[in-house]
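What follows is a short report on a single structure.
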Amino acid sequence: MRYFPLFLDLRERLVVIVGGGPVAERKLELVRRSGARLRLVAPALCERLARALRAGRFEHCARGFIATDLDGARLAIAAADDPSINRAVAAAAEARGIYVNVVDDPALCSAILPAIVDRSPLVVAISTLGTAPALARLVRERVESALDESIGSLARFCAVWRARIKAGVKDLGARRRFYDWLLRGPVSDLVRHAREADAGRLVATALAAGVPPGPGSVALVGAGPGDPGLLTLRGLRALQSADVVLHDRLVSPEVLGLARREAELIAVGKGGGTHGVAQAHIHELMVEHARRGRRVVRLKGGDPFVFGRGGEELEHLVRHGIRFEVVPGITAALACAAYAGIPLTHRDHSGSIRFVTAHCRESLEATDWHGLARGRETLAVYMGVAMLGTLRRELVRHGRAASTPVAFVENGSRPEQRVVLGTLEEVEALARAYELRSPALLIVGEVAALGAVLHWFGTPPAGFPASEQRSVA
């Protein structure tokens, strides 16, 4: 480790930057956030630096660099366009025992400016010791995506309570367990939800009792359509802090693989033709594990509030006094259509969309067929493969043209995705010919035909005559 990582307090300390171009401007804006007193040495300034000077952000020496410019400085940054000037800055800094950063010249540096993730007071600094700045930026992007903005609030909360926790929990091991509960459990949830006062009361109760209290909590998380890249950042964070994951059948193995390694994974899915786990038992499992003080993730394919029975599950949690949060997911209609190249609305073809479920005869019997059959509206039919005959018959009987374009999207967003295009009249024949299986979404409407020319993911669509693929757009 050539460089020792260190955080410097530069408040009201002098930092000298040599250079007047865009690179110097970036360095100035970075260091300015530390509260340092800034001196910039350059004969001329770029426009952005000129504006910053007018705003009074730094002292400007409008001339070439001289060694005495570094007198009294704690840090020097050489960002001039001329390498000879940068070498002179490095030599002057070395002579005065001042740390210097020379842009794009690690050999002259005694200090490296890292890539920074700022969640103050939590700050993460990333460096490749000047060898690969682009890689440091890539790592920074990944760290930023993993750290919720609210983690800064949690750090400030911990600072407020640190002395009381130290005084109230003397044993070092017990104190570590207390912080683990604080940072992973209901306190951090409350802080993330901007409820610091409630979080404080919970910590005070735990200190008075001598142990962190229960119960746990439940996060109702939408897993999206299957592609793990479509899981939301908040969903990922919930998975990576879960003790228990109750997951549906349609949640892909790739998404489950993102869960915390120590988490208990429990399959509670229901599928076509199978009994699966009764909904009442799912309710019981959520309450049981939460009451044991565990962080439960109820993981559902797509979005939990779109044909996912999420509302029923939350009602059960409310009745039993269990804390919860909801993390939306990308629902199948949006994802399958996008990955099939089918815009659900289009100025020329459709001005509205309806989400319809056709998983059982009872749901179809309660359907407003007259409303669904009206023209220029896109229908996204969930779980409809088993009920295609009734769907086709009722739509046509109520006025939808048999020639209306349709698209089946099977395993949408996954590597094995298949798209089959055709017409409403052909839906049953297409399903048989291509042996379509759940999970599959049916899109009905003029926009479905656009999948023939706008497809971009996976294999090209099947079932649509090649002679017509160039005319639909």
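On a 0 to 90° scale, report how tilted helix 151-168 is relative to the longest principal axis of the chain, with both axes built from alpha carbons and the result rounded to the nearest 10.
Tilt of helix 151-168: around 70 degrees.
Using a ≥ b ≥ c from the Cα gyration tensor of the chain (square roots of the eigenvalues), is it rounded, prolate or oblate, where a/c under 1.5 gives rounded and otherwise the larger of a/b and b/c decides, a/b for prolate?
oblate
Against the longest alpha carbon principal axis of the chain, how many degrees, from 0 to 90 and to the nearest 10, is the axis of helix 279-291 turned?
20 degrees
With the cut-off at 1.5 for a/c, could you classify region 402-467 from its C-alpha gyration tensor as rounded, prolate or oblate?
Since a/c reaches 1.5 but b/c is at least a/b, the shape of region 402-467 is classed as oblate.
Give the shape of region 22-167 as rounded, prolate or oblate, defined through the alpha-carbon gyration tensor: a ≥ b ≥ c are the square roots of its eigenvalues, a/c under 1.5 means rounded, and otherwise the shape is prolate if a/b is larger than b/c and oblate if not.
prolate
Based on the mean of other beta carbon atoms within 10 Å per residue, what is the order of 125-134, 452-461, most packed first?
452-461, 125-134
Taking +1 at the Cβ of each Lys and Arg and -1 at the Cβ of each Asp and Glu, which of V245, L233, V31 sits farthest along the dipole of the chain towards its positive end, judged by Cα position relative to the Cα centre?
Value: V31.
Helix 172-184: angle to the longest alpha-carbon principal axis of the chain, degrees 0 to 90, nearest 10?
50 degrees
If you plug each phi of region 98-106 into the Karplus form 6.51 cos²θ - 1.76 cosθ + 1.60 with θ = phi - 60°, what whole-Hz ³J(HN,Hα) values come out, in order, with x for Gly and Pro?
Whole-Hz 3J(HN,Hα) from phi for region 98-106: 9, 5, 9, 10, 10, 4, 6, 8, x.
Since every read-out is calculated from the coordinates, none of them should be taken as a lab result. Small disclaimer: the values here were computed from a predicted structure and weren't measured. Don't worry about glycine lacking a Cβ; one is built from the backbone with ideal geometry, like all the others, and counts go over all protein chains shown.
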